[in-house]
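A quick write-up on the structure given underneath.
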Amino acid sequence: MKTIAQQLYIKEFPFIIRNDNGNILYHETEKGYWSKYEYDRNNNQTYFKNLSGYWNKAEYDSDNNQIYYEDSNGYIEDNRTVEQFKDRIKQIINLPGDDLTDGHILDMISDIL
């Protein structure tokens, strides 16, 4: 499969795509090595993936402290609180703030397990 630079017939390297905030979204070298990045609304890097298949993802709290990290090697560091976990579930299932009770969370976890 062709890389983005190959598809676009790019001849000058490194080839870099940035978002409106100046963060690198895609980086490719002339040898075809590439990496992709994603960021949250506070410019914290939340995802990385490269040509070799390595990836990592992270979550941050409202103070921009990293509270979760996971990578393709199986390493996980989880420092989320119960409230942060509830907030993340609310985001995923799009519930209004007061509609998610501890009972709802336990039911969802039971369904997953």
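Applying 1/(1 + (r/R0)^6) with r as the Cβ-Cβ distance of Gln6 and Asn73 and R0 = 22 angstrom yields a FRET efficiency of 0.20. Determine the shape class of region 1-80: with a ≥ b ≥ c the square roots of the Cα gyration tensor eigenvalues, call it rounded for a/c under 1.5, and otherwise prolate if a/b is greater than b/c, oblate otherwise. Oblate is the answer for region 1-80, as a/c is 1.5 or above yet b/c matches or exceeds a/b. You can think of it this way: the chain between Arg41 and Lys57 has 4.3 nm of extra reach, that is 0.36 nm per residue less the Cα-Cα gap.
Laboratory data are not the source of any read-out in this text; all were calculated from the coordinates shown. What you see is a predicted model; the values in this text were computed from it and never measured. Don't worry about glycine lacking a Cβ; one is built from the backbone with ideal geometry, like all the others, and counts go over all protein chains shown.
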